[in-house]
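The values are calculated or read from the model by the stated rules, or taken from the named source; none is laboratory data. Just so you know, these numbers come straight off a predicted model, no measurement behind them. Every residue, glycine among them, receives a Cβ derived from its backbone with ideal geometry; neighbour counts consider all protein chains shown. Surface areas here come from the heavy atoms of the whole protein model, side chains and all, with no ligands, DNA or RNA. Shrake-Rupley method; radii C 1.70, N 1.55, O 1.52, S 1.80 Å.
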Amino acid sequence: MHTTLTCSATGQTYPIDRLQNLSEAGKPLLAGYDLESLRETFTPDVIRERSIRSMWRFHEVLPVRHPEDAVSLGEGMTPLLRCRCRGPFAGFNDLFIKDESFNPTGSFKARGMSAAVTRAANLGAEVIALPSAGNAAGAATYYAARAGMQCYLFMPEDTPPANIIESVVGGAKVFLVNGLISDCGKLVRQGCEKFGWFDLSTLKEPFRIEGKKTMGYELAFDLADEDDTEELQLPDVIFYPTGGGTGLIGMWKAFNEMEQLGWIGSKRPRMVVVQAEGCSPIVKAFHEGADHAELFPNAHTIAAGLRVPAAVGDFLMLSVLRESGGTAVSITDEELMQGVYEIAQHQGLYACPEGGAVWKAAQKLVESGWMKPDERIVLFNTGTGLKYNHLIDLGDLPRLDHTDPNCLDVIEA
Ligand SMILES: *Cc1c(COP(=O)(O)O)cnc(C)c1O
């Protein structure tokens, strides 16, 4: 359970026992824990022995007093797959994919929503609201259903049909909006004022980040298992498909917490932000040396999770990139779809376009000499490809007439 809530820009503190959105400065609030007193009892060995099969096995650094208070559908504890060195993956001999498609509702949004809905429910919220152009919608819907809460969703009209459908099935009140995610965000703000809903937008409440940070904790355990050692391990480079940046900021926070717990040293992975060329505000700001990102005009990409033209946590992401010695890369929609096919056909998993993007970004940074292919690299596949079936062009599949005895003649042996 956290003991503080602090403005990420001004350091001003806020009471922890009531619902909170942004700070007075309009910036995200971050949860803090009494890590010093946790050091004795909260150790990697204790975690390993736990029977909790979800991210809530890290409940001491999550927003609950007791693990039973969590609104959980079994999120987290996703596989870390070592990549096969074949085809375009040849030479990448220490490359891993953390496959977040195993989460409830098929994406890592489940981690954030589990934490945020848990805290909101425990503090008495009855109605949540958020904008979403993709996977956040489904995750919010199903955690709200689990908690017995009502969920209002504002979605751009061009949101993938799978995300809209699953939200309707899960009982959310879904509104389709003729604009971008930022326009949907404005409607959420107005609705929250008018109807008293609780705003669960990315980084506008403190706990989605707390849920997503568990990816950082898990990774350290996964890599220790991989090396068959007790000592927690971090990779050299992490590739993160970045929209609002919750996971990037969250993992960085997790690494700092783990160091304060005495679990790891001061060495950190280089963090790489990957965005789509049609919507790359953080990439642009990073290469211009700016502290904040400007609104990205005419944002467009088929990777719905990356379609975030303005992020509240921009300054936090940029500081993570600089502190970690990382970088930021953009990928075209064509390239990222090519990445989906390559991961599918060489590694055996149907990644989302955002997952395709991080793979192509890794290739790019090897070609440019920024990174060596044999470094220990982790790519985040943040969701399942199944929610993006509408993007796949099947072309002309061969048709067979089973009544024709020679129908198999079309196949070349
Ligand atoms: C939301 C989303 C992202 C971006 O995540 P942030 O933490 O908001 O940057 C990436 N990939 C997928 C599949 C998503 O749904």
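Yes/no per residue for (1) among the aliphatic types (A, V, I, L, M); (2) within 21 Å of residue 248 (Cβ to Cβ); (3) not in a helix (DSSP H, G or I):
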residue: 349; (1), (2), (3): yes, no, yes
residue: 354; (1), (2), (3): no, yes, no
residue: 369; (1), (2), (3): no, no, yes
residue: 374; (1), (2), (3): no, no, yes
residue: 379; (1), (2), (3): yes, yes, yes
residue: 390; (1), (2), (3): no, no, no
residue: 397; (1), (2), (3): yes, no, yes
residue: 403; (1), (2), (3): no, no, yes
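Only one of these conditions is not met by residue 262: (1) open to solvent by 20 Å² or more (accessible area, probe 1.4 Å); (2) closer than 21 Å to residue 184 by Cα; (3) of a type outside the set (Phe, Trp, Tyr). Which number is it?
Going through (1) open to solvent by 20 Å² or more (accessible area, probe 1.4 Å); (2) closer than 21 Å to residue 184 by Cα; (3) of a type outside the set (Phe, Trp, Tyr) one by one, residue 262 breaks only (2).
State which residue is farthest from the ligand (Cβ to nearest atom) when the search covers only segment 88-118 and only residues that are basic (Lys, Arg) and in contact with a strand residue (DSSP E or B) (Cβ under 8 Å, 6 or more places away or on another chain).
Initially, segment 88-118 is screened for residues basic (Lys, Arg), giving 98, 109, 111.
Restricting the remaining residues to those that are in contact with a strand residue (DSSP E or B) (Cβ under 8 Å, 6 or more places away or on another chain) gives 98, 109.
Working: 98: 12, 109: 5 Å.
Restricting to residues being basic (Lys, Arg) and in contact with a strand residue (DSSP E or B) (Cβ under 8 Å, 6 or more places away or on another chain), the top hit is 98.
If I filter segment 265-297 down to residues being touching a strand residue (DSSP E or B) at 6+ places or on another chain (Cβ under 9 Å) and open to solvent by 30 Å² or more (accessible area, probe 1.4 Å), which single residue comes out as nearest to residue 183 (Cα to Cα)?
Restricting attention to segment 265-297, the residues satisfying the condition of being touching a strand residue (DSSP E or B) at 6+ places or on another chain (Cβ under 9 Å) are 269-287, 296.
From what is left, the residues that are open to solvent by 30 Å² or more (accessible area, probe 1.4 Å) are 270, 277, 284, 286-287, 296.
On the way: 270: 33, 277: 21, 284: 22, 286: 25, 287: 27, 296: 14 Å.
Looking at residues that are touching a strand residue (DSSP E or B) at 6+ places or on another chain (Cβ under 9 Å) and open to solvent by 30 Å² or more (accessible area, probe 1.4 Å), I get 296.
Inside segment 369-378, can you point out the residues that are open to solvent by 30 Å² or more (accessible area, probe 1.4 Å) and within 12 Å of residue 272 (Cβ to Cβ)?
Matches in segment 369-378: 370, 375.
Anything in segment 85-118 that is outside any loop (DSSP other than H, G, I, E, B) and either of a type in the set (Asp, Glu) or touching a His at 6+ places or on another chain (Cβ under 9 Å) (or both)? List them, or say none.
Quick first cut of segment 85-118, residues outside any loop (DSSP other than H, G, I, E, B) only: 87-89, 95-102, 104-107, 109-118.
Once the filter is applied, which keeps residues that are outside any loop (DSSP other than H, G, I, E, B) and either of a type in the set (Asp, Glu) or touching a His at 6+ places or on another chain (Cβ under 9 Å) (or both), segment 85-118 yields 87, 88, 89, 99, 100.
Which of the residues that make up segment 30-59 are open to solvent by 70 Å² or more (accessible area, probe 1.4 Å) and closer than 15 Å to residue 214 by Cα?
Correct list: 48, 53.
For residue 310, indicate whether it is touching a residue at least 24 places away in the same chain (Cβ under 8 Å), closer than 30 Å to residue 8 by Cβ and surrounded by 24 or more Cβ atoms within 10 Å (Cβ to Cβ). If you could, list the steps in order and put the result at the bottom.
Working: touching a residue at least 24 places away in the same chain (Cβ under 8 Å): yes; closer than 30 Å to residue 8 by Cβ: yes; surrounded by 24 or more Cβ atoms within 10 Å (Cβ to Cβ): no.
It is false that residue 310 is touching a residue at least 24 places away in the same chain (Cβ under 8 Å), closer than 30 Å to residue 8 by Cβ and surrounded by 24 or more Cβ atoms within 10 Å (Cβ to Cβ).
When you go through 38, 81, 30 one by one, which is the residue that is over 25 Å from residue 137 (Cα atoms) and in contact with a strand residue (DSSP E or B) (Cβ under 6 Å, 6 or more places away or on another chain)? Break it down into steps so the answer makes sense when it comes.
On the way: 38 fails: in contact with a strand residue (DSSP E or B) (Cβ under 6 Å, 6 or more places away or on another chain); 30 fails: over 25 Å from residue 137 (Cα atoms).
Only one candidate passes the filter, namely 81.
So is residue 409 more than 12 Å from the ligand (Cβ to nearest atom), farther than 18 Å from residue 274 by Cα, open to solvent by 10 Å² or more (accessible area, probe 1.4 Å) and assigned to a helix (DSSP H, G or I) or not? Let's see the steps before the verdict.
Values: more than 12 Å from the ligand (Cβ to nearest atom): yes; farther than 18 Å from residue 274 by Cα: yes; open to solvent by 10 Å² or more (accessible area, probe 1.4 Å): yes; assigned to a helix (DSSP H, G or I): yes.
Answer is yes for this residue.
Let's see how each residue does on (1) farther than 25 Å from residue 77 by Cβ; (2) open to solvent by 30 Å² or more (accessible area, probe 1.4 Å); (3) at pLDDT below 95:
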residue: 104; (1), (2), (3): no, no, no
residue: 110; (1), (2), (3): no, no, no
residue: 114; (1), (2), (3): no, no, no
residue: 135; (1), (2), (3): no, no, no
residue: 140; (1), (2), (3): no, no, no
residue: 159; (1), (2), (3): yes, no, yes
residue: 171; (1), (2), (3): yes, yes, no
residue: 174; (1), (2), (3): yes, yes, no
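In segment 238-255, is there at least one residue being under 11 Å from the mean Cα position of the chain (by Cα) and more than 9 Å from the ligand (Cβ to nearest atom)?
Here is the first cut: in segment 238-255, the residues under 11 Å from the mean Cα position of the chain (by Cα) are 240-251.
Next cut, more than 9 Å from the ligand (Cβ to nearest atom) only: 251.
Yes: one or more hits.
When segment 320-335 is examined, which residues are found to be open to solvent by 20 Å² or more (accessible area, probe 1.4 Å) and outside any strand (DSSP E or B)? Reasoning before the result, please.
Of the residues in segment 320-335, the ones open to solvent by 20 Å² or more (accessible area, probe 1.4 Å) are 322-323, 325, 330, 332-335.
Correct list: 322, 323, 325, 332, 333, 334, 335.
For segment 170-213: of the residues being over 22 Å from residue 309 (Cα atoms) and acidic (Asp, Glu), which is nearest to the ligand (Cβ to nearest atom)?
If we take residues in segment 170-213 being over 22 Å from residue 309 (Cα atoms) and acidic (Asp, Glu), then 210 is nearest to the ligand (Cβ to nearest atom).
Picking from 362, 344, 328, which residue would you name as being more than 12 Å from the ligand (Cβ to nearest atom) and within 17 Å of residue 249 (Cβ to Cβ)? Can you show your working first?
Details: 362 fails: within 17 Å of residue 249 (Cβ to Cβ); 344 fails: within 17 Å of residue 249 (Cβ to Cβ).
328 is the lone residue from the list that is more than 12 Å from the ligand (Cβ to nearest atom) and within 17 Å of residue 249 (Cβ to Cβ).
Quick one: count up the residues across segment 60-90 that are within 20 Å of the chain's Cα centre (by Cα) and buried (at least 16 other Cβ atoms within 10 Å of the Cβ).
13
What are the pairs, 6+ residues apart or on separate chains, where a residue within segment 1-28 that is basic (Lys, Arg) has its Cβ under 6 Å from a residue that is part of a loop (DSSP other than H, G, I, E, B)?
Cβ pairs passing all conditions: 27/8; 27/9.
Of the residues 24, 75, which single one is part of a loop (DSSP other than H, G, I, E, B) and out of contact with any Lys or Arg (no Cβ under 8 Å at 6 or more places or on another chain)? If you could, list the steps in order and put the result at the bottom.
On the way: 75 fails: out of contact with any Lys or Arg (no Cβ under 8 Å at 6 or more places or on another chain).
Of the residues listed, the single one that is part of a loop (DSSP other than H, G, I, E, B) and out of contact with any Lys or Arg (no Cβ under 8 Å at 6 or more places or on another chain) is 24.
Restricting attention to segment 297-319, and to residues there that are away from the ligand (no atom under 12 Å from the Cβ) and in a helix (DSSP H, G or I), which single residue is nearest to residue 202 (Cα to Cα)?
Only one residue fits best here, namely 315.
Identify, by number, the condition in (1) over 28 Å from residue 212 (Cβ atoms); (2) assigned to a helix (DSSP H, G or I) that residue 362 doesn't meet.
(1)
Tell me, please, whether a residue that is closer than 15 Å to residue 302 by Cα, touching a strand residue (DSSP E or B) at 6+ places or on another chain (Cβ under 8 Å) and of a type in the set (A, V, I, L, M) can be found in segment 355-365.
yes
Run down 194, 204 and say which single residue is over 22 Å from residue 103 (Cα atoms) and in contact (Cβ under 8 Å) with a residue 12 or more places away in the chain. Break it down into steps so the answer makes sense when it comes.
Values: 194 fails: in contact (Cβ under 8 Å) with a residue 12 or more places away in the chain.
Of the residues listed, the single one that is over 22 Å from residue 103 (Cα atoms) and in contact (Cβ under 8 Å) with a residue 12 or more places away in the chain is 204.
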